[in-house]
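Worksheet for the structure shown next.
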Amino acid sequence: STFYERYHTLEEIYDWINRTAQDNPRTVKVILIGSSYEKRPLYVLKVKLPNRKAMWIDCGIHAREWISPAFCMWFVHHRRWWRKNRSISKSGFCVGVDLNRNFDVDWGIKGSSQNPCEEINCGPFPESEPETQAVANFLRRHKDTVQLYITIHSYSQMLIFPYSYTFDQAENHNDLVSTAQRIKRYYRNTYTYGPGAAILYPCSGGSDDWAYKLGIKYSFTFELQDRGEYGFLLPPSHISGACNEALLAVKTVAVKVLEKT
Ligand code: 0X9
Ligand code: ZN
């Protein structure tokens, strides 16, 4: 079980409060607001939101209800799970567009949602987000020189190539397969490869498909380590292993594409 799936002593909770604040100096502050009857400190963990609005949550008013402080820790910890950008929707209620659903390729059709409150929100229209525009504009300007598009994500150890928005085969499918196979030879870990729609899920508005349709015939989404043990919370001790592996893969693709073009 993870740290958050266990109950903790008061000492451990105090440590966790301090660590959380230290690790997030810009967003989290600890405020001492008093002390208990037995003179133990009472802390507020103040988590900064993008606007000036605030809410209060207290946990543990009743001592035997252990799940209550466990929830407060769980809640704070889940800020780490943010996926989207930070744009505020028109209704002002929810934050964030999934940038990998915001590209102008079959936008808003599959594996995405128009609801700004959802994780896979594609935004109000294609390229509505400044981050998407910046990438798309740059690649449009330089599409004649850029031969290879790579976008790095995590996790699940996959090498994904077009298409994701349709089950149709890419025109140079065999070439993409052999490129992926060549990368695979260098990995000690297992990597799955193939077109996104088939090996992952059908999904429109992704940057890889968009770049491919722009004319960049070698377009890959790398899903780095791991396969779910730590998932998005890959510990620092795994950074070098994951990055060296990806480095080798990027070099391998680059060499192959150079040979071809
Ligand atoms: O769903 C995604 O955006 C990517 N997986 S992730 O877990 N990193 O979120 C996969 C993207 C594959 N390519 C497209 N869907 N176009
Ligand atoms: Zn991702």
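Annotations
- Residue selected from the stretch 193-219 under the condition outside any loop (DSSP other than H, G, I, E, B) and within 13 Å of ligand 2 (Cβ to nearest atom), by the criterion nearest to residue 167 (Cα to Cα): 196
- Selection within the stretch 174-189: residues that are at pLDDT below 95 and among the aliphatic types (A, V, I, L, M). The member of this set that is farthest from ligand 1 (Cβ to nearest atom) is 183.
- Among residues of the stretch 62-86, those that are more than 16 Å from ligand 2 (Cβ to nearest atom) and either modelled with pLDDT of 95 or more or not in a loop (DSSP other than H, G, I, E, B) (or both), counted: 13
- Meets criteria (in contact with a strand residue (DSSP E or B) (Cβ under 8 Å, 6 or more places away or on another chain), in the same structural domain as residue 129 (by TED's automatic domain parsing) and away from ligand 2 (no atom under 16 Å from the Cβ)) for residue 241: no
- Unique residue being farther than 17 Å from residue 78 by Cβ and surrounded by 10 or more Cβ atoms within 10 Å (Cβ to Cβ) when the list is 32, 42: 42
- Residue that is aromatic (Phe, Trp, Tyr), modelled with pLDDT of 95 or more and crowded, with 18+ Cβ neighbours inside 10 Å, where the choices are 155, 163: 163
- Residue in the stretch 164-179 that is within 16 Å of ligand 2 (Cβ to nearest atom) and assigned to a strand (DSSP E or B) present: no
- Filter pass, residue 91 being assigned to a helix (DSSP H, G or I) and not assigned by TED's automatic domain parsing to the domain that holds residue 205: no
- Taken together, 62, 78 contain a single residue that is loosely packed, with under 11 Cβ neighbours inside 10 Å, closer than 28 Å to residue 151 by Cα and out of contact with any strand residue (DSSP E or B) (no Cβ under 9 Å at 6 or more places or on another chain), which is 78.
- Of all residues in the stretch 103-128, those being within 13 Å of ligand 2 (Cβ to nearest atom), surrounded by 15 or more Cβ atoms within 10 Å (Cβ to Cβ) and within 13 Å of residue 85 (Cα to Cα) number 1.
- For the stretch 153-168, the set of residues classified as under 12 Å from residue 219 (Cβ atoms) and more than 8 Å from ligand 1 (Cβ to nearest atom) consists of 159, 161, listed by residue number.
- The single condition from (1) more than 14 Å from ligand 1 (Cβ to nearest atom); (2) of a type outside the set (S, T, N, Q); (3) closer than 30 Å to residue 2 by Cα; (4) at pLDDT 95 or above that residue 171 fails is (3).
The values are calculated or read from the model by the stated rules, or taken from the named source; none is laboratory data. A quick note: this is a predicted structure, and the numbers were derived from the prediction, not measured. For neighbour counting, all protein chains shown are included, and Cβ atoms are generated from backbone atoms with ideal geometry for every residue, glycine included.
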